[in-house]
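What follows is a set of notes on a single structure, which appears directly below.
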């Protein structure tokens, strides 16, 4: 999917919901999902749907610009026996449905307003409505860790709490992260001091033309 549909612009999201580029990110400590059709088949078997037998079709809602991704995901799920129907809707309708708890399975994206994991993990805080908690996720253990994290002033301790909260979400699976965005800057050789940043902001305070 990253290679053919994203032209390699992105990194497979195999850690947590908090993406690469943020200081608390650590893919050796937060373990997410990887492509494992055998494990998927095993889980289907354990759930009482061997090979998908007995499963009703699942509707995947998306908008037109992400229809290719929806179809790609549907094909992969169908390979292990999960029937998926991709329904392309207008962006305004998708927002209305996700905000009103009328979309059980949908493709979405999240971009942070500031470079801290709190902005991502707030998506799963049960006291938040939709937006941002579109999945209506509710876990008191997560809430407790999240509340501890946002009150913590020590960066090292806060990052540890962020990772704990991220792992709790991944274990419960209200979402399946697909990829972490990748930013590319094309810079001429005589330009210096123009590094990328977590929010892809146009930061020119230290930029020089030599």
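Some notes on this structure:
- Packing around the peptides 156-166, 123-133, 199-209, taken as the average count of other Cβ atoms within 10 Å per residue, puts them in this order, highest first: 156-166, 123-133, 199-209.
- Set against the labelled values (i) 19.3, 67; (ii) 16.9, 52; (iii) 21.1, 74, Rg and Dmax of the Cα atoms in Å computed from this structure falls on (i).
- In terms of packing, defined here as the mean over residues of other Cβ atoms within 10 angstrom, the peptides 44-54, 96-106 line up highest first as 96-106, 44-54.
- Paramagnetic label zone (point 7 Å from Cα along Cα-to-C-beta, residue 14; backbone N under 18 Å) in region 163-200: 167, 170-171, 176-182
- Cβ-Cβ FRET estimate between residue 141 and residue 29, R0 fixed at 22 Å, reported to 0.05: 0.80
- Distance between modelled label sites at residue 78 and residue 199, nm, 7 Å Cα→Cβ extension: 4.2
- The angle separating the long axis of helix 155-172 from the principal Cα axis of greatest extent in the chain is about 20 degrees.
- Using 0.36 nm per residue and subtracting the Cα-Cα separation, the extra length available between residue 114 and residue 102 on full extension is 1.4 nm.
- A Förster radius of 25 Å combined with the Cβ-Cβ distance from residue 56 to residue 1 puts the calculated FRET efficiency at roughly 0.50.
- Degrees between helix 140-151 axis and first principal axis of the chain (Cα, 0 to 90, nearest 10): 10
FYI, it's all coordinate maths here, none of it is from the lab. The structure presented is a predicted model; accordingly, all values stated were derived computationally and were not measured. When we count neighbours, we look across all protein chains shown, and the Cβ atoms used for this are built from the backbone with ideal geometry, even at glycine.
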